[in-house]
Amino acid sequence: MMREFSVVIEKDEDGYFVATVPALRGCHTQAKSLDTLMKRIKEAVELCLEVQNLYSLLYGREPARGWTK
């Protein structure tokens, strides 16, 4: 199943690009170039979705919004 997520990209004071996916808690990464950033954020999204799926299998529900572990 193909899902789409919005990605917020900012440039920090050190010149790094920082990407965040607001819909996925804890899903963020950084890189010096946009090409590298896009590869990394795709990997981060995949990992966040894997964690959510594993949590759902173990506990029968999605993690609560405040869940941080």
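Throughout, read-outs are computed from the coordinates displayed, never taken from laboratory work. This is a predicted model, so every value here is computed, not measured. Using ideal geometry, Cβ is built from the backbone for each residue, glycine included, and neighbour counts are taken over all protein chains shown.
Helix-derived [θ] at 222 nm for the chain: sum -39500 (n - 2.57) over DSSP H runs of at least 4, divide by residue count, nearest 500?
Helices in the chain give a 222 nm mean residue ellipticity of -13500 deg cm²/dmol.
Please report the net charge: other residues with Cβ closer than 13 Å to the Cβ of S33, K and R +1, D and E -1.
+3
Of the listed peptides 50-57, 18-25, what is their order by residue-averaged count of other C-beta atoms within 10 Å, with the highest listed first?
So the peptides 50-57, 18-25, ranked by packing, come out 18-25, 50-57.
Hey, got the dipole for the chain? About the Cα centre, +1 on K and R Cβ, -1 on D and E Cβ, debye to the nearest 20?
Taking the Cα centre of the chain as origin, the dipole is about 260 debye.
Nearest 10 degrees, 0 to 90: what angle lies between the long axis of helix 34-59 and the longest principal axis of the chain (Cα atoms)?
10 degrees
Along the positive direction of the dipole of region 8-59 (beta-carbon charges: Lys, Arg +1; Asp, Glu -1; about the Cα centre), which of L24, I41, Q52 reaches farthest?
Going by the Cα projections, it comes out as Q52.
Averaging over all projection directions, find the projected area of the Cα convex hull of the chain and quote it in nm² with one decimal place.
The orientation-averaged projected area of the Cα hull of the chain comes to 5.4 nm².
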